[in-house]
Each structure stands twice: as C-alpha cells, then as structure tokens.
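J.: Okay, handing you the structure first.
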C-alpha cells in the first residue's frame with residue numbers, strides 16, 4: 001500500500017509546479033498505463049483500488065485515497081505515476097510550434113496526431129498548457145511519451161532556427177497552391193486569438209486550409225486544423 005507521504009506527494013502532481021519539481025506525471029486508465037509501459041515509459045508507481053488488478057505490479061489503495069489521486073470525475077480505478085521522458089535530442093524533419101495553446105485536450109490530441117504523422121518535436125511558448133497536464137496526457141493516448149516537447153521563448157526560437165517558418169492563418173496561402181519543403185516549422189496559435197502579433201512578425205509564409213464554398217462553419221478547432229496541416233506535410237522517410 002501507499003504510505004501517507006507517497007499519497008500526499010502523488011496527489012500534488014495535479015499541479016504543474018509539483019510535476020516540474022518531481023519530474024513526474026500521472027496517467028489514468030489501465031489501457032493508457034499499459035500503453036505507456038509498452039512505449040518504454042518508466043513507472044514510479046502503479047496504483048489501483050480494484051481487487052482484481054491488485055498484483056505484484058500494482059499497489060492497492062482504498063477508493064477514497066484513489067479519488068484523491070485521480071483528476072477524473074469518474075475514476076477508472078487504475079493509474080500510473082510515471083517519470084517524464086528524457087530529451088533524446090531528436091529533431092529531424094518538421095517541427096510543430098504552439099503559440100499560447102491553452103486547452104489540455106487540444107494539446108493531447110495534437111501530440112497524438114504528431115505521433116501519427118511522424119513528427120518528433122513540438123516547441124511551445126512559455127504560456128502554452130503543460131503537456132503533462134492530466135487531461136493532456138489522457139487525450140494523447142500515450143503519445144506524450146513519444147514526442148519531444150519543450151517550452152521556451154518561441155519568438156527567439158523561431159528567429160534562431162535555420163528553417164523556414166510557416167504560420168497557420170485564416171487569410172493565408174492555400175495549402176494546395178504550393179508544395180511544402182521537406183523540413184520546416186509549422187506554427188499554430190491560441191484557440192481564440194490565433195498566432196500573436198510578435199510571433200507572426202517572424203513567420204516567413206502564411207498558410208491556410210481552404211474552406212468549402214458552401215461551408216457555414218467560421219473556423220476549425222485547432223487540433224483538427226493541426227491534423228489537416230500535418231497530413232499535408234511531406235512524408236518523412
């Protein structure tokens with residue numbers, strides 16, 4: 001069983017400052033936990049409150065203690081405390097950049113899509129939501145362990161990188177009009193405000209997803225747009 005100190009320590013991981021200090025994050029649900037283990041993620045502790053899951057691999061706690069650890073409205077009964085993956089230095093092909101993204105569900109979905117389309121690196125502005133937020137981890141379906149995610153001064157990063165920078169805008173050049181190069185940086189903005197002005201100032205080329213003439217929707221969800229843009233990127237060999 002968990003000690004009182006462990007329970008207190010792991011419960012604090014709901015907050016970013018403690019995740020950063022400990023280098024740990026929580027993933028909930030047996031499928032997600034097992035998937036992270038298969039991907040090579042290192043578990044600090046695996047926890048359950050279900051008798052049938054109480055094996056040598058899982059530590060059993062009572063339901064009340066499990067609810068203290070969980071961030072879900074309806075806890076699944078299984079969670080893992082994992083060590084944050086180490087930066088492996090991968091940075092080939094396209095880089096995805098996120099400018100002020102705030103919704104953890106969008107973050108997780110974007111990481112899952114990046115994993116699917118073969119991107120290995122995501123660079124975020126300092127005010128972008130934490131990729132290890134429990135909801136982001138949940139939405140990533142384990143892909144948070146496969147993608148190199150870093151937080152920095154995004155404008156400075158874009159200026160220093162020797163790669164063409166593409167920004168997603170409503171008034172940009174249609175994706176199908178000109179082929180994209182084999183490598184570059186694709187910038188996506190905040191859900192409501194888009195890419196901020198200071199970031200837009202260092203973008204080389206504005207691109208957009210063409211809207212059907214009969215469409216009534218004003219815009220696309222940023223995670224949906226990210227998937228469409230990533231699908232259009234040249235395939236990595």
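J.: Whole angstrom only: what separates the Cα centroid of the stretch 176-214 from the Cα centroid of the stretch 1-80?
T.: 38 Å
J.: Quick check: from the Cα gyration tensor, does the stretch 109-154 come out rounded (a/c under 1.5), prolate or oblate?
T.: Working: a/c = 2.33, a/b = 1.26, b/c = 1.85.
Oblate shape, in that a/c is at least 1.5 and b/c is the bigger or equal ratio.
J.: Okay, moving on. Give the percent of DSSP beta bridges with both residues in the chain that are antiparallel, rounded to the nearest 5. List each step's numbers first, then the result.
T.: Working: 11 of 34 bridges.
Expressed as a percentage, antiparallel bridges in the chain total about 30.
J.: Please report Rg (one decimal) and Dmax (integer) in Å for the Cα set of the stretch 4-83.
T.: 11.7, 34
J.: Let me ask something else. Output the antiparallel fraction of DSSP beta bridges having both residues in the stretch 95-232, as a percent to the nearest 5.
T.: On the way: 1 of 22 bridges.
So the antiparallel bridges in the stretch 95-232 amount to around 5 percent.
J.: For a quick protection proxy, order the peptides 100-112, 35-47, 184-196 by their average other-Cβ count within 10 Å, most packed first.
T.: Values: 100-112: 22.5, 35-47: 17.1, 184-196: 18.8.
The packing order, highest mean first, is 100-112, 184-196, 35-47.
J.: Between residue 221 and residue 200, what is the FRET efficiency for a Förster distance of 22 Å, r being their Cβ-Cβ separation, to the nearest 0.05? If you can, show how the numbers build up before the last one.
T.: Working: r = 20 Å, r/R0 = 0.93.
It comes out at approximately 0.60.
J.: Can you tell me which of 155-167, 201-213 comes out highest on packing, and rank the rest after it, using the mean Cβ neighbours within 10 Å?
T.: Numbers: 155-167: 15.6, 201-213: 13.8.
Highest mean packing first, the order is 155-167, 201-213.
J.: I've got another one for you. So what is the 222 nm mean residue ellipticity for the chain from helices alone, if each DSSP H run of at least 4 adds -39500 (n - 2.57) and you divide by all residues, rounding to the nearest 500 deg cm²/dmol? Mind showing how you got there, number by number?
T.: Values: 9 runs with 73 residues, N = 237.
So the calculated ellipticity at 222 nm is -8500 deg cm²/dmol.
J.: I would also like to ask the following. Which entry in (1) 59, 41, 33; (2) 85, 36, 27; (3) 77, 40, 35 matches Cα extents along the principal axes in Å derived from the coordinates of this structure?
T.: Correct label, based on the coordinates given: (1).
Just so you know, all these numbers are worked out from the coordinates, no wet-lab data involved. Just so it is clear, the structure is predicted and the values come from calculations on it, not from any experiment. Heads up, the Cβs are rebuilt from the backbone with ideal geometry, glycines too, and the neighbour counts pull from every protein chain shown.
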